[in-house]
Amino acid sequence: MDSFMIKGPCRLKGSVTISGAKNAMLPLMAATIFTGGKCRLENVPDLRDTRTMIKLLKVLGIPAELNEGTLDVDASDPSGFEAPYDLVRTMRASIYALGPLVARFGKARVSLPGGCAWGPRPINLHLQGLKSLGAEIRIDHGYIDASADGLKGAEIILAIPSVGATVNLMLAAVLAEGETVIENAACEPEIKNLADALIGAGAKIDGAGSSRIIIEGVSKIDPFTHRVIPDRIEAGTYAAAAVLTGGEVTINDCNPDHMHAVIDKLRSCGAEIETAERSIHVKGPDKIFPVDIETGFYPAFPTDMQAQMMAVMSVADGASSFVEHVYTDRFTHVPELKRLGAKINLDGSVAVVNGVERLQGAPVMATDIRASSALILAALVAEGDTKILRIYHIDRGYEKIEAKFGKLGAEITRISE
Ligand code: EPZ
């Protein structure tokens, strides 16, 4: 297992280029399943999750190859309909295979995803929605057995604006007979990116990116070529790092329009932030003002930036609070930040952080993608060396992270053990 050794403190300076969005790329890869031909995705990041999804497509008889950010997928002759446990347990987004397989082939056998580092990750909304579209769903020895003799459009009201459920149900409904309405749909930009690709391939979708999506089923979805949008969470992570280190960083190839809540909070910390169409310039303050964070569904402050902001607040000039509304137990980063000297009190889904003068380097453990990035940020300003163990978590969601931070002046070395 690889580790990172990071020497702090440092001030980041220079520019960084953002990669394609992991959470846009995964649904787009799943969407190739029902096209029956050759698809191409551009601006695809080379991540562990990309390679896991490539493995899943291969298991389904759909070869895919990534070259310098371009992913070529050949879905001409799919031959499998099962997403196995060993892939699903390493990447929950494997369940995105469910919708397209049932819609096009009338059958799918997908492992239940189980939990993750911070607790249960139910998929009841995915399954309820597929049943509404006419699928038969059975749970058998840890697997979802889904079958349908043609899906029929339906009105689906999501109890929670779930990103995954919206993706899966959109991928099922585009080939269902008649009209489907998804009420309380997730509004994330990644949903719109998926819909744009599907519309370009012949789908009839209105309202993607809003909480009401209307889909008129069609008989087939053609092979498509589509560009993955920039990763708003990766961009937010580097912006937070610039604020935390009191540095000055230009973030290129991003979309500030997808980041209003994060930019707003970083400005409240005292950062000077200028935005252009595809870039952000961040100048960190000498003193970080404390800000209170409440995570919510897009466009509210994203849960995927909660840990990174907690690293910033750990050295703010005062107390701040974090209320996690999306995943109430997403705090595995708290004990690790405390090992670096952060003063954090956690009570249920609320954390109170009392800023300290300086963090101290220490060995810490990565637990999930965003918690790992929070530990890197904290290590950048901690006094001395920090060793971060199990960084395979970070490799799932951040492309070339040590090279990108190194180019900004961070001393970060990967140790292969
Ligand atoms: C997506 O996960 C992202 N993953 C997550 O990013 C992100 O944290 C999350 O959305 C919220 O924004 C991908 O896009 C691959 P949800 P997803 O379904 O789809 C509950 C990262 O670091 N829920 O929107 O799994 C659920 O428990 C990852 O990149 C149900 O109750 O999230 C949660 O409380 C981590 N039943 C809430 O909804 C369901 O059937 C939102 O979850 C589905 C979800």
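Some points to look at:
- Taking every DSSP bridge with both residues inside the chain, close to 70 percent are antiparallel.
- A 1.4 Å probe over all protein chains sorts Glu136, Glu82, Glu188, Glu383 by accessible area into Glu136, Glu383, Glu82, Glu188, starting with the largest.
- Net charge, Phe34 excluded, C-beta distance under 9 Å - Lys, Arg +1, Asp, Glu -1: +2
- Karplus-derived HN-Hα couplings along region 28-40 (A = 6.51, B = -1.76, C = 1.60, θ = phi - 60°), whole Hz, x at Gly and Pro: 5, 5, 5, 5, 5, 4, 9, 8, x, x, 8, 10, 9
- Selection from Ser76, Val102, Tyr143, by position along the positive dipole direction of region 22-227 (Cβ): Tyr143
- Neighbours of Asn124, meaning other residues whose beta-carbon lies under 15 angstrom from its beta-carbon, give a summed charge of +4 when Lys and Arg score +1 and Asp and Glu score -1.
- The separation of region 296-364 from region 74-122, counted between C-alpha centres, amounts to 32 Å.
- Rounded to two decimals, the Cα radius of gyration of region 234-347 over 2.2 N^0.38 Å is 1.02.
- Counting only alpha carbon atoms, the long axis of helix 369-381 and the longest principal axis of the chain meet at about 20°.
- Kirkwood Rh and Cα Rg combined as Rg/Rh, the chain: 0.98
- Cα-derived Rg over Rh, computed across region 22-227 with Rh taken as Kirkwood radius: 0.92
- Here is the list for region 266-337: GluC sites (Glu not before Pro) lying in DSSP coil, each with at most 10 other C-beta atoms within 10 angstrom of its C-beta, are Glu277.
The values are calculated or read from the model by the stated rules, or taken from the named source; none is laboratory data. These numbers were taken from a predicted model, which means no experiment stands behind them. FYI the Cβ positions are ideal-geometry reconstructions off the backbone, even for glycines, and counts take in every protein chain you see. With ligands, DNA and RNA removed, areas are computed over all heavy atoms of the protein, side chains included. Shrake-Rupley method; radii C 1.70, N 1.55, O 1.52, S 1.80 Å.
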